[in-house]
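Read the structure below first, then the notes.
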Amino acid sequence: MSKGVTAMTKVNPDFIKKVATSGEFNATACMNCGICTAVCPMDIELLPRKLFRYTLLGLEDKLLENTNIIYQCLLCKMCEENCTADVHIAENVRFLRSYISKEVFKL
Amino acid sequence: MPLPIDDVIGLMIDNLKKRKTVFPIPYRRATGWADGLNIPEGGKTVIYTGSMYQLLPYMIAAVKNMELVEDSFLGKFVFMGRFFNKMFNVSAFVSIPKKADVKRYKQIVYNIAKLLKKAGVEFGYLYRKELYAGTLAYDLGVDDAFRIQAKRVYNLLKENGVSTVITVDPHTTNIMRSVYPTIIDGYDIEVKSYLEVLATSDNLQPLHSVEKEITIHDSCVYARHESIIDEPRQLLKRAGYTIKEPKDNKALTHCCGGPIESIFPKMSHTIGKNRIQQFKDITNGGAVATMCPICMASLKKASGDGLEIEDISSFLVKAFCD
Ligand code: SF4
Ligand code: SF4
């Protein structure tokens, strides 16, 4: 990829609808402060804040590119303990896994 | 290259659907801990192990094999294991546990039951009928399989007239107490961790003096999901131990790394080592008490021989039982 060109990513309205109607993903209160990522013992840039941004923006491709990271979350809730917006972070990660289990792994 | 997530998860979920557990083990290995304790079968109040401690020796053996293939081309062939597993129990061939591990984890459940008896708690056990609670399926987001297992467990409890369960590990406690009610209408089972039960008992008084410092490792699930923080401290104190607290403790405890071990063994090990360093910062070769079979296995592995890492029940039994 040449300098200054970013990978093509397309918003998937279908994905946005599925997330909204699931009733299981809720990060609307997220202020994007990044505390969760700062305290996460995994020390992975995308976990969990950016994953939630991708989800809210409907960037399904970006999420699926990072499937490994979604399964690298320990569900330890260190992030939740520190989140001042009360986002149910571990539940949201679990939702992303259940989405992948159904839609991609067909389990 | 990491292991193929879909095949690793698929193998465990196929087991859950077909064999009612993520990791089928001979039933005597699940119930043998109760030998000699004369625990009645069934009853309104039962100890519920969910086989977590009993499964751990098998998991340890399986993860060892996975680590060997994690970065090799063999990792790609996990799908073959999944294919054959549909016909016979592959797990029984690929993970032969160490005898010492089987003995160690069995002894922990035995000790917990002994402590409950000493505290004067009346309880039964479902023996062979007891089922795995479905924890891993829930954590991995395989919701359909998890729901089926949750209903199986609930039906089992109702059919046997159980109204209260005493759990022995944090994961089963959390699933049965906080998750089942969200997916089963009218769920009415009272769920208590044995640590909560023991902490409220006046009958439990030390019989032996145990002057020793113990560093406490809170499980994320007990501390952050279930707010079980004071009970283990009260019990260790009552037993006569001096408690040492690592840098990250109580509601801000540091994960042991274990939850991702079945898919990312090496990353899991790094997290475990980070936690071990926090213990080493405050204790030199001292004792560390864990409260979860997964924490114990991960931390033992990460520490090498440097620390005495044991389940909290092993320390309690030394003070409270004959
Ligand atoms: S800590 Fe909470 S509010 Fe801040 S980025 Fe994370 S989820 Fe959003
Ligand atoms: S729950 Fe997941 S994202 Fe949150 S701190 Fe733990 S590992 Fe990080």
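Read-outs: derived from the displayed coordinates by stated rules, not from any lab. Here the structure is a predicted model, which is why all the values come from computation and not from measurement. Cβ placement follows ideal geometry from the backbone for every residue including glycine, while neighbour counts extend to all protein chains displayed.
Charges at C-beta only: +1 for Lys and Arg, -1 for Asp and Glu. How large is the resulting dipole of the protein assembly as shown about its Cα centre, in Debye rounded to 20? The partial results should precede the final answer.
Numbers: 55 positive and 48 negative charges, 192 e Å.
Taking the Cα centre of the protein assembly as shown as origin, the dipole is about 920 debye.
In what sequence do B:Met52, B:Met176 fall when counting other Cβ within 10 Å, fewest first?
Numbers: B:Met52 22, B:Met176 26.
Fewest-to-most Cβ neighbours within 10 Å comes out as B:Met52, B:Met176.
Which value in Å does the Kirkwood hydrodynamic radius of the stretch B:1-59 take, with 1/r averaged over all unlike C-alpha pairs and then inverted?
Answer for the stretch B:1-59: a Kirkwood hydrodynamic radius of 13.7 Å.
Can you tell which of B:Gly36, B:Pro4, B:Asn155 lies farthest toward the positive end of the dipole of chain B, using +1 and -1 charges on the Cβ of basic and acidic side chains (Lys, Arg; Asp, Glu)?
Of the listed residues, the answer is B:Gly36.
State which entries of A:Lys77/B:Lys266; B:Lys212/B:Lys266; A:Lys102/B:Lys273; A:Lys102/B:Lys151 exceed 27 angstrom in Cα-Cα distance in the structure shown.
B:Lys212/B:Lys266; A:Lys102/B:Lys273
Working only with C-alpha atoms, what are the Rg and Dmax values of chain A, expressed in angstrom?
Rg, Dmax (Cα atoms, Å): 13.8, 41.
Could you line up B:Ser314, B:Ser262 from fewest to most neighbouring Cβ atoms inside 10 Å? Each step should come with its number before you reach the end.
Details: B:Ser314 18, B:Ser262 24.
Result, fewest neighbours first: B:Ser314, B:Ser262.
If you place +1 on the Cβ of every Lys and Arg and -1 on the Cβ of every Asp and Glu, how big does the dipole about the Cα centre of chain A come out, in debye to the nearest 20?
Working: 13 positive and 12 negative charges, 62 e Å.
For chain A, the charge dipole is close to 300 debye.
Dipole of the stretch B:213-320 (Lys/Arg Cβ +1, Asp/Glu Cβ -1, origin at the Cα centre): which of B:Ser227, B:Phe315, B:Cys255 lies farthest to the positive side?
My answer, from the dipole projection, is B:Cys255.
What is the stretch B:216-293 by shape, rounded, prolate or oblate, if you read a ≥ b ≥ c off the alpha carbon gyration tensor as root eigenvalues and call it rounded for a/c under 1.5, prolate for a/b larger than b/c, and oblate otherwise? Intermediate results must be reported in sequence, preceding the final value.
Numbers: a/c = 2.28, a/b = 1.41, b/c = 1.61.
Taking the square roots of the gyration eigenvalues as a ≥ b ≥ c, the stretch B:216-293 is oblate.
Skipping prolines and chain starts, which residues have an amide H placed within reach, meaning under 5 Å, of the one on B:Lys244, given they are 5 or more residues away or on another chain?
B:Ile214, B:Thr215, B:Ile216
Taking N as the number of residues in the protein assembly as shown, what value does Rg over Cα atoms divided by 2.2 N^0.38 Å take? Walk me through the numbers before you get to the answer.
Details: Rg = 21.7 Å, N = 429, 2.2 N^0.38 = 22.0 Å.
That works out to 0.98 for the protein assembly as shown.
Roughly speaking, what is the centre-to-centre gap between the stretch B:137-175 and the stretch A:27-52 when only Cα atoms are used, to the nearest Å?
Here the answer is 30 Å between Cα centres.
Hey, got the average number of other protein chain Cβ atoms within 10 angstrom for residues in B:260-273?
On the way: counts 7, 0, 1, 3, 4, 0, 0, 5, 2, 0, 3, 5, 0, 0.
The mean count of partner-chain Cβ atoms within 10 Å per residue comes to 2.
Beyond 30 Å, what percent of the Cα pairs of chain B remain?
Numbers: 16651 of 51681 pairs.
Beyond 30 Å sits 32 percent of the P(r) for chain B.
For chain B, which cysteines have no second Cys with its Cβ under 4.7 Å from theirs?
Among the cysteines of chain B, those whose Cβ sits 4.7 Å or more from every other are B:Cys321.
For chain B, list the DSSP H helices whose alpha carbon atoms reach 30 Å or more along the long axis and whose average Kyte-Doolittle value is 0.0 or above?
Details: long enough: none.
Passing helices, by number: none.
Just to be sure I understand: with springs between alpha-carbon atoms less than 10 Å apart, which residue in A:Ile89, A:Ile70, A:Ile44 has the highest mean-square fluctuation in the Gaussian network model of chain A?
Answer for the Gaussian network model of chain A: A:Ile44.
Which is farthest toward the positive dipole end of chain B among B:Leu198, B:Ala62, B:Ser303, measuring Cα position about the Cα centre, with Cβ charges +1 (Lys, Arg) and -1 (Asp, Glu)?
B:Ala62
In chain A, which longest range has no trypsin sites (Lys or Arg not before Pro) that are both DSSP loop (not H, G, I, E or B) and surrounded by at most 15 other Cβ atoms within 10 Å?
Details: sites that count: A:Lys3, A:Lys10, A:Lys106.
In short, A:11-105.
Does the stretch B:147-269 come out rounded, prolate or oblate, given a ≥ b ≥ c as the square roots of the eigenvalues of its C-alpha gyration tensor, rounded meaning a/c under 1.5 and, failing that, prolate meaning a/b above b/c?
On the way: a/c = 2.62, a/b = 1.31, b/c = 2.00.
The shape class here is oblate.
Can you sort B:Arg233, B:Arg128 by how many other beta carbons sit within 10 Å, fewest first?
Numbers: B:Arg233 19, B:Arg128 10.
Going from least to most buried by this count: B:Arg128, B:Arg233.
Give me the dipole magnitude in Debye, nearest 20, for the stretch B:225-308 about the Cα centre, with unit charges on the beta carbon: positive for Lys and Arg, negative for Asp and Glu.
For this selection, approximately 140 debye.
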